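The values are calculated or read from the model by the stated rules, or taken from the named source; none is laboratory data. Predicted, not measured: the structure shown is a model, and the values here were computed from it. Cβ: placed from backbone, ideal geometry, glycine included. Neighbour counts: every protein chain shown.
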């Protein structure tokens, strides 16, 4: 199992979504992302190289850039992601 050793990289969409959240929710999502590979993670079927992390009603779509860093591709509520 891979382990993150570098800070996650975020797309513009992911950064913009986080900025629009209240501080507590933003912190909860960032904490969940930083704990990857732990958490409720499944392969993202419509994009084979990506995975999905569930944090409450939010979904984070990400992929491993290399062995030590992830790219957070998209963050949204369940209805926005699927």
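With respect to the conditions (1) modelled with pLDDT under 95; (2) surrounded by 14 or more Cβ atoms within 10 Å (Cβ to Cβ), residue 38 falls short on a single one, namely (2). One residue stands out in region 8-35 among those that are part of a loop (DSSP other than H, G, I, E, B) and touching a strand residue (DSSP E or B) at 6+ places or on another chain (Cβ under 6 Å): the one that is surrounded by the most Cβ atoms within 10 Å (Cβ to Cβ), namely 8. Scanning region 45-53 for residues that are closer than 13 Å to residue 76 by Cα, surrounded by 12 or more Cβ atoms within 10 Å (Cβ to Cβ) and touching a helix residue (DSSP H, G or I) at 6+ places or on another chain (Cβ under 7 Å) turns up at least one hit.
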